[in-house]
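J.: Once you've had a glance at the structure underneath, I'll fire off some questions.
The values are calculated or read from the model by the stated rules, or taken from the named source; none is laboratory data. Note that the structure is a prediction, hence the values are computed from the model and not measured. Backbone-built Cβ (ideal geometry, glycine too); neighbour counts: all protein chains shown. SASA here: full protein model, heavy atoms, side chains in, ligands and nucleic acids out. Shrake-Rupley method; radii C 1.70, N 1.55, O 1.52, S 1.80 Å.
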There are 2 protein chains.
Amino acid sequence: MPHPEDPARRAVAFLMPDRTFASVFDAPDVARLIAEPSLELLSPEPLDPRDLADRELLSRAEIVITGWGTPVIEGEMRGALPALAAVSHAAGTVRPVVTDALLDEGVAVASAAGANAVPVAEFAFAMVVLAAKRVLWAEEGYRASGRQPDARAAWPWIGSHGIRVGVVGASHVGQLVIERLGSLDVEVVVSDPTLDADQRRALGAEVVPLEELVATSDVVTLHAPSLPSTRGMIGREAIASMKPGAALINTARGELVDEEALADRLEAGDIAAFLDVTAREPLPAGDRLWSAPNTLLTPHLAGSVGNENGRLAAHAVDEAIRFARTGAFADAITPRRMAVIA
Amino acid sequence: MPHPEDPARRAVAFLMPDRTFASVFDAPDVARLIAEPSLELLSPEPLDPRDLADRELLSRAEIVITGWGTPVIEGEMRGALPALAAVSHAAGTVRPVVTDALLDEGVAVASAAGANAVPVAEFAFAMVVLAAKRVLWAEEGYRASGRQPDARAAWPWIGSHGIRVGVVGASHVGQLVIERLGSLDVEVVVSDPTLDADQRRALGAEVVPLEELVATSDVVTLHAPSLPSTRGMIGREAIASMKPGAALINTARGELVDEEALADRLEAGDIAAFLDVTAREPLPAGDRLWSAPNTLLTPHLAGSVGNENGRLAAHAVDEAIRFARTGAFADAITPRRMAVIA
């Protein structure tokens with residue numbers, strides 16, 4: 001056993017709210033960090049830079065494991081981490097924690113976006129099936145009338161066989177959704193302006209311009225990051241172009257969609273929406289989306305929740321151990337990737 | 001081209017309500033039967049034995065293509081089909097059309113149960129994801145409070161990672177569900193007393209007694225046929241044994257479940273149910289299941305609907321052509337299988 005302060009061991013610390021730590025990390029995750037010879041875990045619990053003793057420990061941290069609610073590492077927080085070499089983020093989106101400046105300094109950053117993508121893709125896939133089966137409408141109609149409602153009178157189509165599903169964004173989630181859609185008898189089209197020729201070929205789905213995707217798909221599912229260039233990407237014109245009977249699934253970010261235009265189209269009654277995210281969360285009381293027909297509003301739960309958080313913890317610990325052993329993450333975020341991811 | 005009344009050609013007819021024909025068969029299906037040299041299609045539309053001219057044609061039919069609403073082939077109907085050698089059923093359950101006596105006579109019977117199983121398995125899989133994510137409860141709580149409800153306070157678990165899913169019945173649907181569940185990080189257990197040792201091994205999932213499955217699974221999904229031996233198989237004791245937080249999915253038949261016991265447990269608030277079928281359909285007004293919490297009631301739409309019916313038509317036409325060419329169906333129902341299928 002190396003000495004606890006063996007300089008060959010890299011000091012690692014948890015840096016996240018206690019609440020996040022409790023919901024994401026279990027004792028075995030902590031035990032793996034303690035057992036790893038290349039690491040020195042500074043504390044089995046998150047350190048708080050406002051606490052003097054914790055601040056002392058954090059000053060030695062070379063690797064920090066971050067999560068939901070970790071403050072952005074800049075200014076005073078950056079100053080509290082003078083030894084920082086690597087950030088292993090136990091959540092999907094690193095933007096709330098990591099700045100471009102931090103990457104430019106050469107601090108290595110890994111996110112658990114791949115692990116967090118798993119439940120989002122499962123959820124989006126389930127919503128595709130629900131959309132195809134008109135479950136929202138059928139359940140409401142059944143409840144209201146006590147009879148099987150007449151789908152063919154109400155909708156141009158029903159069923160998942162042979163429909164076109166448009167995947168907006170070949171992100172981690174988008175790619176997993178494409179993979180899952182391969183198990184249905186549907187045609188999959190994808191839109192993503194960041195793909196190069198090799199990536200397009202590897203997708204296993206036709207790549208089309210966004211306008212064409214939205215106007216020709218029976219189900220449109222959003223998996224693009226929220227960036228200045230993607231805000232409002234599903235605008236009024238796109239929403240107006242959706243086919244009668246189409247459905248929009250949003251498990252990505254509310255800002256991607258012009259929600260006023262969406263509410264207008266939903267109120268017209270000829271499309272459906274499955275919204276796990278909205279531009280403002282929680283959705284304010286009185287928002288038109290609350291009363292829009294054929295709309296399922298869920299409270300941002302497609303991503304990791306409950307037992308699914310264990311995947312984030314496992315991934316963050318794996319990456320911390322890999323960095324300690326090899327000096328690099330298996331899947332580091334480069335400044336170039338930072339520009340196009342969530 | 002053989003002569004239209006070439007005795008080497010086998011006469012085939014549609015025998016089903018016009019409404020079924022219109023919702024299942026498209027022009028290309030009919031065209032395939034017309035184009036097949038080994039077949040003589042007696043009419044491009046269903047024949048009605050109550051019509052004299054149709055009755056004349058039906059007397060020559062060696063193969064009939066049946067569907068939802070075809071009357072049972074016995075008595076007068078059997079008499080109207082003296083040349084009958086084969087029934088290709090364009091739906092899942094052959095029982096409403098085919099008797100044991102007909103099979104014993106040596107009439108060949110094929111069902112489209114395999115094709116009909118596809119959308120049922122898609123639907124059941126989606127419901128597993130919904131159940132794991134507490135979507136019903138979360139949507140209702142979000143709508144009622146305007147805030148993200150606290151899953152951990154309300155349920156012992158949330159999320160699909162590492163849960164146990166119990167599949168009751170390794171039927172066509174059950175097998176497809178098991179296959180789909182392989183794409184989740186869940187443990188799958190199966191109960192089916194009709195499996196032999198080879199079939200158990202081929203399943204790729206642990207086989208356990210029904211009592212154990214129901215009492216230990218986080219999500220239980222029913223895919224057993226409705227038979228005298230399966231009615232009420234999920235009885236009061238089984239329902240009482242379900243884990244707090246568990247969910248029951250029924251896309252099979254309502255009679256499998258003691259619905260009074262289910263309503264009692266649902267009203268206790270600690271399990272959820274996804275019921276696409278009920279013992280009485282439509283579910284009568286005032287039934288306690290209408291007002292049970294954490295319950296999704298859909299009007300028997302998991303099976304083929306709309307565009308999904310095209311799979312049934314394609315399968316029934318494929319089998320009719322195969323029978324005409326070879327004298328046998330690819331997947332005939334034997335008297336032995338008839339005893340254990342839906």
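J.: Going by Cα centres, segment B:102-138 and segment A:75-102 are how many Å apart?
T.: Segment B:102-138 and segment A:75-102 have Cα centres separated by 48 Å.
J.: If you look at just the Cα atoms of chain A, how large are its Rg and its Dmax in Å?
T.: Values for chain A (Cα only, Rg and Dmax): 22.5, 75 Å.
J.: If you take all C-alpha pairs in segment B:16-62, what percent of them are over 18 Å apart?
T.: Details: 368 of 1081 pairs.
So the pairs more than 18 Å apart make up 34 percent of the total in segment B:16-62.
J.: Right, next: Can you compute the equivalent ellipsoid semi-axes for segment B:53-185, i.e. the square root of 5 times each eigenvalue of the Cα gyration tensor, sorted largest first and rounded to whole Å? Provide the component values of the computation, followed by the final result.
T.: Numbers: eigenvalues 454, 53, 22 Å².
Listed largest to smallest, the semi-axes of segment B:53-185 are 48, 16, 10 Å.
J.: Could you pull out the GluC sites (Glu not before Pro) across segment B:12-117 that fall in loop regions by DSSP (anything but H, G, I, E, B) with no more than 13 other Cβ atoms inside 10 Å?
T.: On the way: sites: B:GLU40, B:GLU56, B:GLU62, B:GLU74, B:GLU76, B:GLU105; in loops: B:GLU62, B:GLU74, B:GLU105.
In loop regions of segment B:12-117 (DSSP not H, G, I, E or B), the sparsely surrounded GluC sites (Glu not before Pro) are B:GLU74, B:GLU105.
J.: Chain pair A, B: how much accessible area is buried, both chains summed, with a 1.4 Å probe, in Å² to 100?
T.: On the way: alone 15960 and 15960 Å², together 27740 Å².
Chains A and B together bury roughly 4200 Å² of accessible area.
J.: Right, another one. Can you grab the distance from the C-alpha centre of segment A:178-211 to the C-alpha centre of segment B:189-223, Å, no decimals?
T.: When both Cα centres are located, 37 Å separates them.
J.: Taking a ≥ b ≥ c as the square roots of the eigenvalues of the Cα gyration tensor of segment A:1-99, is the shape rounded (a/c under 1.5), prolate (a/b larger than b/c) or oblate? Spell out each step's value before the answer.
T.: On the way: a/c = 1.68, a/b = 1.24, b/c = 1.36.
Because a/c hits 1.5 or more and a/b fails to exceed b/c, segment A:1-99 counts as oblate.
J.: Take every DSSP beta bridge with both residues inside chain A and express the antiparallel ones as a percent of the total, to the nearest 5. List each step's numbers first, then the result.
T.: Values: 1 of 39 bridges.
DSSP beta bridges in chain A are roughly 5 percent antiparallel.
J.: Taking amide hydrogens as modeled 1.01 Å from N in the peptide plane, which residues meet the under 5 Å criterion relative to A:ALA273, leaving out close sequence neighbours?
T.: Placed amide hydrogens put A:LEU248, A:THR295, A:LEU296 under 5 Å from A:ALA273.
J.: So, counting K/R as plus one and D/E as minus one, what does the shell of residues with Cβ under 14 Å around B:VAL118 add up to? Could the numbers behind the result be given before it?
T.: Details: positive: A:LYS133, B:ARG180, B:ARG311; negative: A:ASP185, B:GLU122, B:GLU179, B:GLU308.
Summing Lys/Arg as +1 and Asp/Glu as -1 gives -1.
J.: Once the piece of chain linking A:VAL208 and A:ARG325 is laid out straight, how much longer is it, given 0.36 nm per residue of separation minus the C-alpha distance between them? Walk me through the numbers before you get to the answer.
T.: Details: separation 117, 0.36 × 117 = 42.12 nm, distance 4.26 nm.
Working it through step by step, the gained length comes to 37.9 nm.
J.: Let me ask something additional. Considering only DSSP beta bridges where both residues belong to the protein assembly as shown, give the percentage that are antiparallel (nearest 5).
T.: On the way: 2 of 78 bridges.
Restricted to the protein assembly as shown, the bridges split so that about 5 percent are antiparallel.
J.: Also: For segment B:4-113, which trypsin sites (Lys or Arg not before Pro) are in a loop by DSSP, counting at most 16 other Cβ atoms within 10 Å? Intermediate results must be reported in sequence, preceding the final value.
T.: Values: sites: B:ARG9, B:ARG10, B:ARG19, B:ARG32, B:ARG50, B:ARG55, B:ARG60, B:ARG78; in loops: B:ARG9, B:ARG50, B:ARG60.
Loop-located and lightly packed - B:ARG50, B:ARG60.
J.: With axes computed from alpha carbons, what is the tilt in degrees of helix A:113-133 against the longest principal axis of chain A, rounded to the nearest 10 within 0 to 90?
T.: Long axis of A:113-133 versus the principal axis of chain A: about 10 degrees.
J.: Would you list which lysines come within 17 Å of A:LYS133, measuring only between C-alpha atoms, while excluding same-chain residues fewer than 8 positions from it?
T.: A:LYS243
J.: Let me ask something else. Could you give the spread of the C-alpha atoms of segment B:116-297 along their three principal axes, from largest to smallest, in whole angstroms?
T.: 52, 36, 30
J.: Can you pull the percent of Cα pairs in the protein assembly as shown with separation above 32 Å?
T.: Values: 133673 of 233586 pairs.
Every Cα pair in the protein assembly as shown considered, those over 32 Å come to 57 percent.
J.: Just by accessible area at a 1.4 angstrom probe, what is the order of B:HIS315, A:HIS172 from largest to smallest? Working shown, then result.
T.: Details: B:HIS315 50, A:HIS172 75 Å².
Ranked list, largest accessible area first: A:HIS172, B:HIS315.
J.: To continue, here is another question. log₁₀ I(q)/I(0) of segment A:150-247 at q = 0.22, 0.24 Å⁻¹, via Debye over equal Cα point scatterers, no solvent, to two decimals?
T.: Log-scaled intensity ratios, in q order: -1.17, -1.32.
J.: Working from the alpha-carbon coordinates of segment B:261-326, get Rg over Rh, Rh being the Kirkwood radius. Intermediate values should be presented prior to the final figure.
T.: Working: Rg = 18.7 Å, Rh = 14.7 Å.
Value, to two decimals: 1.27.
J.: Would you kindly calculate the mean projected area, averaged across all directions, of the convex hull enclosing the Cα atoms of segment B:78-143, in square nanometres?
T.: On the way: hull surface 27.3 nm².
Averaged projected hull area, Cα only: 6.8 nm².
J.: Taking the Cα atoms of segment B:202-303, what is the range of coordinates along each of the three principal axes, in descending order and whole Å?
T.: Per principal axis, max minus min of the Cα coordinates gives 42, 28, 22 Å.
J.: Work out the mean other chain Cβ neighbour count within 10 Å for the residues of B:139-149 and drop it here as an integer. Please report the intermediate quantities before stating the final value.
T.: Values: counts 6, 0, 2, 8, 5, 0, 2, 8, 3, 7, 2.
Per residue, the number of nearby Cβ atoms from other chains is 4 on average.
J.: Rolling a 1.4 angstrom probe over the protein heavy atoms, how many square angstrom per residue are accessible across segment B:116-297?
T.: With all protein chains present, segment B:116-297 gives 38 Å² per residue.
J.: Still on this structure, I have one more. Quantify, in whole percent, the carbon and sulfur part of the accessible surface of chain A (1.4 Å probe; protein heavy atoms only). Walk me through the intermediate numbers first.
T.: Details: 7360 of 13870 Å².
Accessible surface attributable to carbon and sulfur in chain A totals 53 percent.
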